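**Q** Pasting a structure below so you can have a look.
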Amino acid sequence: MSLGFTLVYLCLLVVIPLIALFTKASSLTLQQFIAAAWTERVRAAYFVTFSSSLIAAIADTILGLMLAWVLVRYDFPFKRLFDSLVDLPFALPTAVAGLVYSSLYAHNGWMGQFLLPLGIKLAYSQSAIILVLTFIGLPFVVRTVQPVLESLDADVEEAAACLGASRWQTFTRVLLPSLYPALITGFALTFARAIGEYGSVVFVSSNVPGKTQIAPFLIIQRLEEFKYAEATAVAIVLLIASFAMLIVINALERRTQAANSAAN
Amino acid sequence: MHSIPKHMPTSTVVSASRGRSAQEDPWWVRWTLISLSVLVLSVLVILPIANVFYHAFSNGVAAYWNNLTGDRETLHAIQLTLFVVPIAVCANVIFGVAAAWAITRFRFPGRTILTTMIDLPFAISPVVAGLMFVLLFGAKGYFGPWLQQHNIQILNAWPAIALVTTFVTLPFVARELIPVMEAIGSEEEIAAISLGANGWQMFWRVTIPNIKWGLLYGVILCNARAMGEFGAVYVVCGRVIGKTETMPIRVNTLFEGGTSETYSSSFAVASLLTMLSLVTLFIKIALEHKTQADLKEAAQTHQTE
């Protein structure tokens, strides 16, 4: 009975809507699809979406590795507080994130009044989108790397030290390789989340085609013009990109699990 | 810990390795990294929270209260959120328990496909999620004409908002429960049945008490996300002021309002959502200890068996 209910629920909420999306897309000919999903303006929006997401995901990977390292290895005052603050971007509604970031980096904002005279423009520019996406994705890498770092045995590092490796060599040659799967999973999760993000970006973007106009915005614009098929074409491109990410993540998780069970 | 010789107590190994500092970094590395981390979290996380409350209360508490309660449209947005979110959370709790039960208690072909399907809403952009429901229920959508004939309004009304919110938050409860139920195993449930309990008694007296902290954890995360959902709701709600706006949508409308009054009202609504997320974090930390203790206990009973 529970299985039946689960299947019916998933069918109604996930499968039928997805079928509707693909049916709509398949009602277009290839030429129409390209005309809707691959014009200059749409390509520019993909470029803004994907390049901003990529830079934000790279930034989050570096920051996440550092935060995970510091939170696992070092002791400092209020460590527990900082540890739990990492999760805030998950709990904070994206609209609030967008609103507050647009206020912080505006010309009279807390950060903007110092940064703008230095020529750093972090409001209504692509940098603003990257910044807010970095905020949204901050917890992913930290939370994937942290447990792996905690589970590493001390003796590996001791062995490396005994064999004459410097601390840096131990880190890059011994520790980092065992963190790669977790880092890539975290990166992929951040990237996938950033591609689809809309709520926070709409507050900090000036919506200039080719500069700050993102692909999800185009979907909404087409919908407001009642051009359902055109909106669907753009959506399909985004969907395929995020499904590809999901497949990568699943494959990695399976490999890590296999490696773990082999080690035990 | 296969590498530690059996005759050696674990505690001495641990303390020896700490003392010898094979895992310790030079002090300047430590301090640079700690300062950088604190700086990053302060600028990215603490500063924004402070900023929300600063702007919300910048004209005093009275103005803040007036911003929230003096505006009929804002009050309606709060009511709509408080009406729609429980629907989505309840639906996903029932689904989450059923799905976790099916996946952990039965072996059947396609179990991995089922778990992937549960994760799908995480991989779909909220805007695309909203679009899918527009394609189904919109005026030019697949069921649109039929719905119009029967005078049923789904799009641009609360049913669509409830539907997309349920979709976006679908994985939360199930994902929390699957590992918990997997770890606890079914021995106690089988024992209950063999002692003469019926299925319903077993479920309420054995299963639910076992999974209650994990369940609550899932509910908390699901609730936070449901209250804050923007993109998907934005697409389907039609944004009729005072009718179909939820709290996050109201924040956006007020932000676009352009005057300094609407600007501070927008921060007032945002401050409510921020408080919600802070409360969520606190409950989450408290529950994390409980669920981890549960999992450890389950692991220990398994080992002693």
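**Q** Assess whether B:Val128 counts as being closer than 30 Å to A:Tyr228 by Cα, buried (at least 19 other Cβ atoms within 10 Å of the Cβ) and of a type in the set (A, V, I, L, M).
**A** yes
**Q** Another question, then. If you scan region A:215-251, which residues turn out to be among the small types (Gly, Ala, Ser), touching a residue at least 60 places away in the same chain (Cβ under 8 Å) and facing chain B (nearest Cβ under 8 Å)? Spell out how you get there, then give the answer.
**A** Going residue by residue through region A:215-251, those that are among the small types (Gly, Ala, Ser) are A:215, A:229, A:231, A:233, A:235, A:241-242, A:244, A:251.
Restricting the remaining residues to those that are touching a residue at least 60 places away in the same chain (Cβ under 8 Å) gives A:215, A:229, A:233, A:235, A:241.
If the condition is that a residue be among the small types (Gly, Ala, Ser), touching a residue at least 60 places away in the same chain (Cβ under 8 Å) and facing chain B (nearest Cβ under 8 Å), then A:Ala235 is the only one that fits.
**Q** Within region B:80-94, is even one residue within 7 Å of chain A (Cβ to nearest Cβ) and modelled with pLDDT of 95 or more?
**A** no
**Q** Which pairs turn up if I take residues in region A:1-27 that are at the interface with another protein chain (Cβ under 7 Å from one of its Cβ atoms) and look for partners that are of a type in the set (D, E, K, R) with beta carbon separation below 9 Å, at least 6 apart in sequence or on another chain?
**A** Close Cβ pairs (under 9 Å, with a partner that is of a type in the set (D, E, K, R)) amount to A:Ser2/B:Arg105.
**Q** Here's another thing I want to ask about it. A:Ile58 passes all but one of (1) more than 10 Å from chain B (Cβ to nearest Cβ); (2) closer than 30 Å to B:Leu44 by Cα; (3) in contact with a helix residue (DSSP H, G or I) (Cβ under 6 Å, 6 or more places away or on another chain); which number fails?
**A** So the condition that A:Ile58 fails would be (3).
**Q** Could you list, in sequence order, the residues of region A:61-80 that are more than 21 Å from B:Glu24 (Cα to Cα) and either facing chain B (nearest Cβ under 7 Å) or more than 24 Å from the chain's Cα centre (by Cα) (or both)?
**A** Residues satisfying the conditions do not exist here.
Listed here are the residues, each with its yes/no results for (1) more than 8 Å from chain A (Cβ to nearest Cβ); (2) at pLDDT below 50; (3) touching a strand residue (DSSP E or B) at 6+ places or on another chain (Cβ under 8 Å).
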{"site": "B:Ser15", "(1), (2), (3)": "yes, yes, no"}
{"site": "B:Gly19", "(1), (2), (3)": "yes, yes, no"}
{"site": "B:Thr32", "(1), (2), (3)": "yes, no, no"}
{"site": "B:Val38", "(1), (2), (3)": "no, no, no"}
{"site": "B:Leu44", "(1), (2), (3)": "no, no, no"}
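**Q** Can you tell me which residue among A:Glu150, A:Glu158, A:Glu230, A:Glu225 is of a type in the set (Asp, Glu) and within 25 Å of the chain's Cα centre (by Cα)?
**A** A:Glu150
**Q** For B:Leu114, only one of the following conditions fails: (1) under 18 Å from the mean Cα position of the chain (by Cα); (2) within 9 Å of chain A (Cβ to nearest Cβ). What is its number?
**A** (1)
**Q** For region A:63-115, what are the residues that are polar (S, T, N, Q) and farther than 23 Å from A:Val204 by Cα?
**A** Answer for region A:63-115, where residues must be polar (S, T, N, Q) and farther than 23 Å from A:Val204 by Cα: just A:Ser84.
**Q** Right, next: So which residues in region B:42-57 are in contact (Cβ under 8 Å) with a residue 12 or more places away in the chain and among the aliphatic types (A, V, I, L, M)?
**A** Correct list: B:Ile49, B:Val52, B:Ala56.
The values are calculated or read from the model by the stated rules, or taken from the named source; none is laboratory data. Quantities reported herein were computed from a predicted structural model and do not represent experimental measurements. Glycine also receives a Cβ, built like all others from the backbone with ideal geometry; neighbour counts cover every protein chain displayed.
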